[in-house]
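K.L.:
Sharing a structure here in structure tokens format.
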Amino acid sequence: MTLKISNAQARSLLLNKQGLAAAPTGPFNADRLQDLIHQLGYVQLDSINTVERAHHMILHSRADGYRHEHLKELHEERGTLFEHWTHDACLIPTEFYPHWRHRFSKAKERLTHPNWAKRMGPDGPKVVKAVRGRIKKEGALMSRDFEDKGQGAWWGWGPSKTALEYLWRAGELAVVRREGFQKVYDLTERGIEPAHREEKPSLTQTIDWKCREALARLGPATHGEIAAYWASVSNKQAADWVKKQMGKDLIPVEVEGSDGTWRKSVALTSLEDDLTTLAAPPKRLRLLSPFDPVVRDRKRAERLFGFDYRVEIFVPEEKRKYGYYVLPILEGTKFTGRADIKVHRKEGRVEVKGLWLEGGVKLSAAREAGFRKALGRLTKFTGAQTVDADAALQRAKASPARGR
């Protein structure tokens with residue numbers, strides 16, 4: 001029998017699993033941050049600092065008490081997080097490290113890939129050996145510590161930077177910290193504890209782990225969504241895993257979309273227990289990062305929430321529908337709008353450049369108050385002192401249908 005999941009249940013399930021159903025208030029420290037990142041599976045890193053870097057914004061939206069130093073403590077001091085790839089560069093609980101071994105092995109093939117070989121030049125193996133040798137002898141280094149920094153046409157990567165990236169992706173080096181968002185590389189044995197380096201799960205075990213852990217964080221999902229979560233399991237591997245586990249640890253479900261249509265998916269057998277204890281997310285208005293995991297899968301976000309959201313950072317200004325750095329607005333289980341925000345750090349000012357509400361959503365007095373409170377929290381978190389939002393709010397009041 002196929003379990004039916006209503007749209008309201010599906011929204012609450014995802015927000016619960018993605019850390020947006022717990023009250024964001026109360027005491028917070030590095031231990032609680034470790035638990036939160038474990039719950040998420042990873043937190044995406046991004047250098048864009050228009051408002052706040054993605055990793056900090058993702059965590060701030062879930063915990064008022066989060067501070068930058070909490071993340072620094074876990075990664076750089078305790079070593080309970082490591083940096084590597086999922087769909088993008090992320091900080092990941094170090095206990096998950098053994099399940100990246102197969103990704104490392106696959107990355108080692110890149111040394112002979114034409115693009116990588118071209119960037120390292122005809123003496124690629126020698127460059128790799130030299131870079132490895134310097135770090136072994138001198139300790140942690142950055143790309144700027146090498147003479148050929150900034151050369152080449154691939155994001156400014158010279159041969160040594162390419163070698164550093166190759167060794168990191170292949171698991172020989174670890175990113176032990178960031179300085180001005182630049183990676184600092186060291187030997188893996190100096191950055192990752194032996195217990196995590198020595199565990200060697202098989203490929204079958206890793207596929208099983210990644211599929212189960214994806215479902216644990218997604219709730220009901222298709223095999224394609226399962227594969228995309230860690231971005232290191234293929235669609236076929238995920239589909240084969242689903243087929244093998246169906247009727248054992250998986251059950252068939254149908255999920256209602258925001259438009260009333262139903263989509264066939266699968267879920268862990270524990271889903272029925274999850275539904276009985278489902279907590280209603282707080283209705284407090286939150287400003288999310290453009291890279292928040294809840295909206296990373298744009299098609300899924302649109303299907304579940306009816307929220308058509310795209311990042312326009314790389315869209316030419318004249319072609320943007322909204323703005324450069326537009327933050328989704330979440331209230332309870334609904335996305336009610338989006339806001340183009342910029343923090344002027346030299347001026348200590350948070351500017352709301354534009355505010356757009358979703359169809360049928362009005363800028364009521366309560367919603368305006370909630371928006372101003374969210375801006376106040378963001379202002380404090382970014383270290384700014386003032387907020388410039390009145391003009392955008394007046395435009396939203398004047399054109400409630402479009403929120404402009």
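K.L.:
Stretched out fully, how many nm does the piece from A280 to K299 gain, at 0.36 nm a residue minus the Cα gap?
P.N.:
My answer for the length gained is 4.5 nm.
K.L.:
With an 8 Å Cα cut-off and a minimum separation of 6 or more residues, compute the relative contact order for region 73-164 in percent.
P.N.:
The normalised contact order for region 73-164 reaches 20 percent.
K.L.:
Only Cα pairs under 8 Å and at least 6 apart count here; give the relative contact order of the chain as a rounded whole percent.
P.N.:
16
K.L.:
Once phi is turned into ³J(HN,Hα) by the Karplus curve 6.51 cos²θ - 1.76 cosθ + 1.60 with θ = phi - 60°, what whole-Hz value does each residue of region 183-198 show in order, with x for glycine and proline?
P.N.:
Whole-Hz 3J(HN,Hα) from phi for region 183-198: 6, 10, 9, 9, 4, 4, 5, 9, x, 10, 4, x, 4, 7, 6, 8.
K.L.:
Give K72/K183; K17/K106; K183/K319; K106/K200; K17/K108; K17/K362 a once-over and call out the pairs whose C-alpha atoms are over 24 Å from each other.
P.N.:
From K72/K183; K17/K106; K183/K319; K106/K200; K17/K108; K17/K362, over 24 Å: K17/K106; K183/K319; K17/K108; K17/K362.
K.L.:
Can you compute the FRET efficiency between D148 and Q39 using 1/(1 + (r/R0)^6), with r the Cβ-Cβ distance and R0 = 51 Å? Round to the nearest 0.05.
P.N.:
0.75
K.L.:
In addition: So how far, in whole Å, is the C-alpha centre of region 16-43 from the one of region 347-404?
P.N.:
Rounded to whole Å, the Cα centres lie 26 Å apart.
K.L.:
Nearest 0.05, what FRET efficiency do S364 and K200 give at R0 = 56 Å with Cβ-Cβ as r?
P.N.:
0.45
K.L.:
Just to confirm, what accessible area per residue do you get for region 6-160 at 1.4 Å probe, in whole Å²?
P.N.:
45
K.L.:
Further, regarding this structure: If I model a spin label as a point 7 Å beyond the Cα along the Cα-Cβ vector, how far apart are those points for K319 and N235 in nm?
P.N.:
For the pair K319/N235, the computed spacing is 2.5 nm.
K.L.:
So if R0 is 25 Å, what FRET efficiency would A130 and Q182 give, r being the distance between their Cβ atoms, rounded to the nearest 0.05?
P.N.:
Given R0 = 25 Å and the Cβ-Cβ separation, E is 0.80.
K.L.:
Can you send over the carbon and sulfur percentage of the accessible area for region 162-212, probe radius 1.4 Å, protein chains only?
P.N.:
47
K.L.:
So, one more: Which aspartates and glutamates does K299 reach when only Cα atoms under 12 Å apart count, and residues fewer than 8 places away in its own chain are ignored?
P.N.:
Result set, ordered by chain and number: E225, D308.
K.L.:
Can you give the extra length, in nm with one decimal, that the chain gains between E213 and R78 once fully stretched, where that is 0.36 nm per residue apart less the Cα-Cα distance?
P.N.:
46.2 nm
K.L.:
Still on this structure: Can you list the residues of region 7-45 with backbone N under 15 Å from a point 7 Å past the Cα of D64, pointing along Cα to Cβ?
P.N.:
It comes to 22-29, nothing else.
K.L.:
Of all the accessible heavy-atom surface of region 27-103, with the other protein chains kept in place and a 1.4 Å probe, what percent is carbon and sulfur?
P.N.:
Roughly 43 percent, rounded to a whole number.
K.L.:
What aspartates and glutamates does K126 reach when the alpha-carbon gap must be under 20 Å and sequence neighbours fewer than 8 apart in one chain are set aside?
P.N.:
E109, E138, D145, E147, D148, E165, E172, D186
K.L.:
Continuing with this model, one more query. Counting alpha carbon pairs within less than 8 Å and at least 6 residues apart, what relative contact order, in whole percent, applies to region 264-404?
P.N.:
Rounded, it is 20 percent for region 264-404.
K.L.:
Moving to a separate point now. Run the quick spin-label model on N115 and K373: label points 7 Å from Cα toward the beta carbon, then report their separation in nm to one decimal.
P.N.:
Each label point lies 7 Å from its Cα, and together they span 4.6 nm.
K.L.:
Under a cut-off of 17 Å between alpha-carbon atoms, report the aspartates and glutamates in cross-link reach of K283, not counting same-chain residues fewer than 8 places apart.
P.N.:
Qualifying aspartates and glutamates at Cα under 17 Å: D64, E331, E358, E368.
K.L.:
Give me the net charge for the shell around D273: Cβ to Cβ below 15 angstrom, other residues only, Lys and Arg +1, Asp and Glu -1.
P.N.:
Summing Lys/Arg as +1 and Asp/Glu as -1 gives -2.
K.L.:
Now, a different point. Could you check the spin-label model distance between K106 and D388? Points 7 Å from the Cα along Cα→Cβ, value in nm.
P.N.:
4.6
K.L.:
Whenever you get a sec, compute what percent of the accessible area on region 238-352 sits on carbon and sulfur atoms (1.4 Å probe).
P.N.:
Accessible surface attributable to carbon and sulfur in region 238-352 totals 49 percent.
K.L.:
Another question, then. Per residue, how large is the accessible surface of region 305-381? Use a 1.4 angstrom probe and give square angstrom.
P.N.:
Accessible surface, normalised per residue, equals 49 Å².
The values are calculated or read from the model by the stated rules, or taken from the named source; none is laboratory data. Note that this is a predicted model, so its numbers are computed, not measured. A quick note on method: Cβ atoms are made from the backbone with ideal geometry, for glycine too, and the neighbour counts reach across all protein chains shown. The accessibility values were calculated without ligands, DNA or RNA, using every heavy atom of the protein model including side chains. Shrake-Rupley method; radii C 1.70, N 1.55, O 1.52, S 1.80 Å.
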